[in-house]
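Novice: A single structure is presented below for examination.
The values are calculated or read from the model by the stated rules, or taken from the named source; none is laboratory data. Computed from a prediction, not measured in an experiment: that's the story for all the values here. Neighbour counts are summed over all protein chains in view; Cβ atoms, including those assigned to glycine, are modelled from backbone coordinates with ideal geometry. Side chains included, ligands, DNA and RNA excluded: accessible areas come from the protein's heavy atoms. Shrake-Rupley method; radii C 1.70, N 1.55, O 1.52, S 1.80 Å.
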Amino acid sequence: METTIIDTPTKTEGLPKLKINALESEAIYILREVAAQFEKPVLLFSGGKDSITLVRLAQKAFYPAKIPFPLMHIDTGHNFPETIEFRDRLVKELGLELIIRNVQDSIDEGKVVEESGKYASRNMLQTTTLLDAIEEFKFDACIGGARRDEEKARAKERIFSVRDDFGQWDEKNQRPELFDMLNGEIEMGQNVRVFPISNWTELDVWSYIEKEDIEIPSIYFAHKRNVFLRDGMIWSAEDEVVFRADDELVEERTVRFRTVGDMSCTAAVFSHADTIDKVVAEIRESKISERGARIDDKRSEAAMEKRKQQGYF
Amino acid sequence: MEVLKIATAGSVDDGKSTLIGRLLYDTKSLTDDKLEAIEKTSKKKGYDYLDFSLATDGLVAEREQGITIDVAHIYFSTASKSYIIADTPGHVEYTRNMVTGASTSQAAIILIDARKGVIEQTNRHFFINNLLRIKDVIVAINKMDLIDFSEEKYNSIKADFEELMSKRDYQDQKITFIPVSALKGDNVVNRSESMTWYKGQTLLEHLEELDRKDIFNVGTPRFPVQYVIRPKTEEFHDFRGFAGKVYGGELSVGDEVVVLPSMTRSKIKDIYFYDKKYKKATRRSSVTITLEDEVNVSRGDMLVKAGDLPTIDKQFTATISWMDSQKLTTGSKYVLQHGVNKVLAKVDRIHHKIQPDYSGIDAETDALGMNDIAQVSFKLNKPIFYDAFKNHRTNGSFILIDSHTNATAGVGFIN
């Protein structure tokens, strides 16, 4: 038995002394509320650092029992191969159930139309596939790794965020969330989006990954990659899904990815941070926000709010 | 690093967004791309200054109307602390959102426009922060640059506010006055050169020194059971763990506990956090507890220390802050969620409405509309295990859920 309480749960008379412990306990509390209040929850897993962190938190919340809900990946088909390989290994190691639904199927069924041109991305198309999967499995709660510090519309998001039959977010009429009390009462057909790490910042996530020694896909660390520059952003030239004009020159540079989304809308950053402590140090000093490398947010001032209204995460 | 959550109250006209923007800017918390976006939009709107509200008002409707409708959460940190600012709306029709933001905060900033002084809205902001028993309230008297940094005018506003303070219910609330100019940056992060008469701390200096110890909750541990963990694996064949968050005090291995409502006694056998066992669980830690004896415990039950029982009752009176467009009326029924426990509640009596501005009018009424505050008595179908809100923030509060719409219709603070 541990004799003294060193970190979590903390030793002081007040709140858990360290921010990361307080955030961890808050997230665990939220995950347990999901398991208790809903019949068919699912954890939306993208293979990115935030959803990987969620998996660790869920392990902690229910130990020594297994995580009582499956993971689901809405696969755009444009994922970094490193992410997919990582996802499959994680699921196997932890003995988790993984559901995969493909955006390609939604395209083949004619439900959505592939975008074309320079900025074509499957990011928007994910929403249809996600909503269909929610209906198919009758999920009543979808746990996601979105954080309020990412983007200003997300800063308005509740922890339990109700979506109607059409998956839509009614941002002007959100349920008040008071103290720790989470109201998960919904009607048939509605579902709740749950954000256990709402109050974490990007740096908190990285610090937690470091502290917990959580494995993450290799593309988060600095590596040599063939890239090209466009609009001041760095794009991977190694994958054909990223549109590249003939006059956009390819060069090999040392880069890493700060967010891992659909390849067609996720840009890299120049970096030599090849270990977790270097990544943490880099984030601490960074002058650019995390979503600064996401072209999907640059479409307009209200890009995220619009996507969320339609059912996007 | 510690974390401090602060609620801000004030309308756009008071310079609330500018103040938050100034805090972010002077602590170098705004990244280049966000700053660039603010510059771009400010220019597009024809402003000759940076409109920081563009960084905090995240919804299209908010930017169109130039007001804050819903709570936004803003994050920044200094070398010693991490801050979460709950940026709450100031308009009377969004009182419910102000209550929401304040409910999870440890400190609050109330903004006053120095040209206008204490206005009706100031009274309401103070009333709500006092009702929610926020321990530290900072009264930032803003736009000092527009009143020539006058000490005399500052003192006169301060005296007006102090008059309000004598009327407050929660007298131990600490109030600090700071003269600032958010636009020019005086006394926000950096000390003002124009107000050398002010000897106190800057806003950030004050925040950095705030003590987060919650004086109400220490010593009364409450453990509402969220979830029962039964792995049913070979290794943990007989394991029955009670998962929950500890509120109000510490629980230790060996503590004699009572399970509510069954009143069964047992002792704490183990305290787990993930795969490690601990001797103690502190406030706000999410742990899993096992008991020495096989007792029947399910979600909504509560473990408390023997000899330190809460009130167990089927009726009580509470201050209600109503948040729904559907009125609360005598005789109406709701789902009452107290922590993680749910019971059915019937409105027994609405005693009187409270004007949330210290105007002293307590109107008799038989219905509550959105943003009304009143004393209400309830009858429940099953007893709950509660403390008075003034003694226990978590175990003394509840929400009312409309069973037709599922909306969180109101919040209550038990007398």
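Novice: Is it the case, given these coordinates, that A:ARG163 is away from chain B (no Cβ under 11 Å), open to solvent by less than 10 Å² (accessible area, probe 1.4 Å) and of a type in the set (D, E, K, R)?
Specialist: yes
Novice: Is at least one residue of region B:308-320 open to solvent by 20 Å² or more (accessible area, probe 1.4 Å), over 30 Å from B:GLY248 (Cα atoms) and away from every other protein chain (no Cβ under 12 Å)?
Specialist: So far as region B:308-320 goes, no, none of its residues is open to solvent by 20 Å² or more (accessible area, probe 1.4 Å), over 30 Å from B:GLY248 (Cα atoms) and away from every other protein chain (no Cβ under 12 Å).
Novice: Same structure again: Would it be correct to say that A:ALA222 is touching a strand residue (DSSP E or B) at 6+ places or on another chain (Cβ under 8 Å), among the hydrophobic types (A, V, I, L, M, F, W, C) and not assigned by TED's automatic domain parsing to the domain that holds A:ILE143?
Specialist: For A:ALA222, the condition - touching a strand residue (DSSP E or B) at 6+ places or on another chain (Cβ under 8 Å), among the hydrophobic types (A, V, I, L, M, F, W, C) and not assigned by TED's automatic domain parsing to the domain that holds A:ILE143 - is met.
Novice: If you go through region B:1-11 one residue at a time, do you hit one that is within 12 Å of chain A (Cβ to nearest Cβ), over 20 Å from A:GLU290 (Cβ atoms) and touching a Leu at 6+ places or on another chain (Cβ under 9 Å)?
Specialist: yes
Novice: Then there is this: Within region A:203-239, can you find the residues that are under 13 Å from A:PHE80 (Cβ atoms) and either open to solvent by 70 Å² or more (accessible area, probe 1.4 Å) or not in a strand (DSSP E or B) (or both)?
Specialist: Result: A:ILE216, A:PRO217, A:SER218, A:ILE219, A:TYR220, A:PHE221, A:GLU238, A:ASP239.
Novice: Evaluate the following for B:LEU183: is it out of contact with any Phe, Trp or Tyr (no Cβ under 9 Å at 6 or more places or on another chain), buried (at least 17 other Cβ atoms within 10 Å of the Cβ), assigned by TED's automatic domain parsing to the domain that holds B:LYS28 and closer than 20 Å to B:ILE147 by Cβ?
Specialist: no
Novice: Conditions first: (1) assigned to a loop (DSSP other than H, G, I, E, B); (2) among the polar types (S, T, N, Q); (3) under 26 Å from the mean Cα position of the chain (by Cα); (4) within 14 Å of chain A (Cβ to nearest Cβ). B:SER298 passes all but one, so which condition is the exception?
Specialist: (3)
Novice: Return the residue satisfying two criteria in turn: it lies in region B:323-341 and is more than 19 Å from B:HIS392 (Cβ to Cβ) and in a strand (DSSP E or B), and of such residues it is nearest to the other protein chains (Cβ to nearest Cβ).
Specialist: The qualifying residue nearest to the other protein chains (Cβ to nearest Cβ) is B:VAL335.
Novice: Let me ask you something else. Looking at region B:280-291, which of its residues are open to solvent by less than 30 Å² (accessible area, probe 1.4 Å), part of a strand (DSSP E or B) and facing chain A (nearest Cβ under 7 Å)?
Specialist: B:ALA281, B:SER286, B:VAL287
Novice: Under the condition of being farther than 21 Å from A:ILE28 by Cα and in a loop (DSSP other than H, G, I, E, B), which residue from region A:151-164 is nearest to the chain's Cα centre (by Cα)?
Specialist: Top of the filtered list is A:GLU151.
Novice: Right, another one. Tell me which residues, restricted to region B:117-152, are closer than 17 Å to B:LEU183 by Cα and among the basic types (Lys, Arg).
Specialist: Scanning region B:117-152 gives a single hit, B:LYS143.
Novice: Just one of B:SER192, B:SER150, B:SER105 is under 22 Å from the mean Cα position of the chain (by Cα) and either closer than 22 Å to B:PHE413 by Cα or surrounded by fewer than 22 Cβ atoms within 10 Å (Cβ to Cβ) (or both); which is it?
Specialist: None of the others qualify; the one that does is B:SER105.
Novice: All but one of (1) closer than 21 Å to B:ILE320 by Cα; (2) away from every other protein chain (no Cβ under 14 Å); (3) of a type outside the set (Gly, Ala, Ser) hold for B:ILE128; state the number of the condition that does not hold.
Specialist: (2)
Novice: Go through region B:12-49 residue by residue and tally those that are within 13 Å of another protein chain (Cβ to nearest Cβ) and touching a Ser or Thr at 6+ places or on another chain (Cβ under 7 Å).
Specialist: Looking only at that region, the number is 5.
Novice: Okay, moving on. For A:GLU151, which of the numbered conditions (1) under 22 Å from B:LYS342 (Cβ atoms); (2) out of contact with any strand residue (DSSP E or B) (no Cβ under 8 Å at 6 or more places or on another chain) fails to hold?
Specialist: A:GLU151 satisfies every listed condition except (1).
Novice: Report, by residue number, each residue of region B:195-208 that is crowded, with 19+ Cβ neighbours inside 10 Å, at pLDDT 95 or above and either closer than 22 Å to B:ALA108 by Cβ or out of contact with any Ser or Thr (no Cβ under 9 Å at 6 or more places or on another chain) (or both).
Specialist: Correct list: B:TYR198, B:THR202, B:LEU203, B:LEU204.
Novice: Name the residues in region B:222-279 that are under 20 Å from B:LYS342 (Cα atoms), open to solvent by less than 60 Å² (accessible area, probe 1.4 Å) and assigned to a loop (DSSP other than H, G, I, E, B), would you?
Specialist: B:VAL246
Novice: Among the listed residues B:ALA345, B:ALA388, which satisfies the condition of being within 22 Å of the chain's Cα centre (by Cα) and either among the hydrophobic types (A, V, I, L, M, F, W, C) or within 13 Å of chain A (Cβ to nearest Cβ) (or both)?
Specialist: The unique qualifying residue is B:ALA388.
Novice: Give the residues of region A:246-278 that are within 29 Å of A:VAL103 (Cα to Cα) and open to solvent by 30 Å² or more (accessible area, probe 1.4 Å), sorted by residue number.
Specialist: Within region A:246-278, A:ASP246, A:VAL250, A:VAL269 meet the criteria.
Novice: Within region B:311-332, track down each residue that is of a type outside the set (Ser, Thr, Tyr) and closer than 19 Å to B:ALA407 by Cα.
Specialist: B:ILE320, B:TRP322, B:MET323, B:ASP324, B:GLN326, B:LYS327, B:LEU328, B:GLY331
Novice: Taking region A:259-293, which residues are in a loop (DSSP other than H, G, I, E, B) and at pLDDT below 90?
Specialist: A:THR259, A:VAL260, A:GLY261, A:ASP262, A:ALA267, A:SER286, A:LYS287, A:ILE288, A:SER289
So that you can scan it fast, the table gives a plain yes or no per residue for (1) out of contact with any strand residue (DSSP E or B) (no Cβ under 8 Å at 6 or more places or on another chain); (2) surrounded by fewer than 21 Cβ atoms within 10 Å (Cβ to Cβ):
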| position | (1), (2) |
| --- | --- |
| A:GLY47 | no, no |
| A:LYS66 | yes, yes |
| A:GLY77 | no, yes |
| A:GLU82 | yes, yes |
| A:LEU96 | no, yes |
| A:ASP108 | yes, yes |
| A:ARG122 | yes, no |
| A:THR127 | yes, yes |
| A:ILE143 | no, no |
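Novice: Only residues that are in contact (Cβ under 8 Å) with a residue 12 or more places away in the chain, within 9 Å of chain B (Cβ to nearest Cβ) and not aliphatic (A, V, I, L, M): list them for region A:166-183, please.
Specialist: Within region A:166-183, A:GLU171, A:GLN174, A:ARG175, A:GLU177, A:ASP180, A:ASN183 meet the criteria.
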